[in-house]
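Throughout, read-outs are computed from the coordinates displayed, never taken from laboratory work. All values derive from a computational prediction rather than experimental measurement. All Cβ positions, even for glycine, are placed from backbone atoms using ideal geometry, and neighbour counts span all protein chains on display.
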Amino acid sequence: MKRKVLHRLLAVLLGLVVAFASIEIVLRLTLPPVDLRDLSGKRAGTHPMADWAHVDAYCAYRGIPGTYLHVGKSKTVNSDGFISTPEVSREKDRDTIRIVFLGGSSTAGTVPILPDEKTWPALVAKKLDEALPKKRVDFINGALAGYNTFESYARLWARLRFYQPDLVVVYHGWNDMGYFRNPARTAWRHVPASGGWSFLRPAIRSRIEPRWIDPYIEWSHLMCRIRRRYFSEPLMGEIGPGAGGELADDFDPRAPDVFRDNLKLMMKAQEVIGCEVHVAKQATLIVPDLAENLRSKCMVHYHGFDFDAHVRAFDAIYRLIDEVVPQDQVIDLTHLSGKNANLVDHIHLSEEGCRRVADAVAARLLKRLAP
């Protein structure tokens, strides 16, 4: 009896080995290898944004509708390409208050991946809906990872204005620093010398964080694909390591002028669209006198200038918000900055940080909405 059981186990084991080897051979013959190395040692490959975004003629790219699963979490993009947003009609009745949120990955809730209902725009809408029983509050999350004020402004004018928003909340800062080293390049953002822009050009695969098991499975195409698909962050966040080489000790002083003009365009939109634009001062871990162990979480190499220069860049952005935006339309979230509990890195919010941002934004908007 024991010998029969042993033979069966060996037969099952042999079958599994044959099946694994067959799949491995097919993958090796038909698909390129998967790179598991972290930010410091990745290879170029197919642009990872093509996994979740379409090219968009107005705002560079928009989300591909669908559901994106990751280790017990799901992230959705609705049929209109808006992330973490319920289906919403362009038509709006008089008892509905509609809020549009503009920003990057911190607003989209893609780094780290946050379920739709835990993103801070969803929490704000829920709080306001509960506080205003005679009104229905809905929202559109118009943010996407990588967006700065260029893409947000384009998306507002080309797409979002047709949904008749009553309020627009802008949450930008970090992504705009992408042009602070060279503001002359802003006119060609996302556009190569050929004049076109697509996901077909090579790019760095990103956000495969290292794990102890990686060196033991990197020989296998099958195990690497399983690892990337089910045990890594989906590629919906910031992409690429940014500028290389030694970090500069300052940014180009002309760059804040570009941000000022973008803010003015945002504020001008409210006159034409008939909405009210509120601008939040983005919370960040990048503050003066930050402990050295927390500085290591701040990916300042993305922009090519050092930590202290980033502190000054945020100060410049905050000053411009105060200069351009009426004070009753400024939402100051800097009291949340520099606190490890609120931020998982230089700019991305933890679940606790999302709740605190939502509390502050909802309290400010309620003052405008409550009778």
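For a footprinting-style exposure proxy, rank TYR179, TYR318, TYR68 by other Cβ within 10 Å, fewest first. Could you put the intermediate results ahead of the total?
Details: TYR179 23, TYR318 16, TYR68 19.
Ascending number of Cβ neighbours within 10 Å: TYR318, TYR68, TYR179.
Could you tell me the calculated FRET efficiency between ASN182 and ASP332, based on Cβ-Cβ distance and R0 = 35 angstrom, to the nearest 0.05? Don't skip to the answer; put the middle values down first.
Details: r = 30 Å, r/R0 = 0.84.
Once rounded, the FRET efficiency stands at 0.75.
Provide GLU151, GLU323, GLU352 in ascending order of the number of other Cβ atoms located within 10 Å of each residue's Cβ, fewest first.
Placing the least packed residue first, the sequence is GLU323, GLU352, GLU151.
Tell me, what ³J(HN,Hα) does each residue in region 85-90 have, in order and in whole Hz, if you take phi through Karplus 6.51 cos²θ - 1.76 cosθ + 1.60 with θ = phi - 60° and put x for Gly and Pro?
Per residue, the Karplus-derived 3J(HN,Hα) values read 10, x, 4, 9, 7, 5 Hz.
Compare the peptides 270-280, 137-147, 19-29 by average per-residue count of other Cβ atoms within 10 angstrom and give them in order, highest first. It would help to have the intermediate numbers written out before the result.
Values: 270-280: 18.0, 137-147: 25.6, 19-29: 12.3.
Going by the mean number of other Cβ atoms within 10 Å, highest first, we get 137-147, 270-280, 19-29.
As a footprinting exposure proxy, order TRP219, TRP52, TRP120, TRP157 by other Cβ within 10 Å, with the fewest listed first.
TRP219, TRP157, TRP52, TRP120
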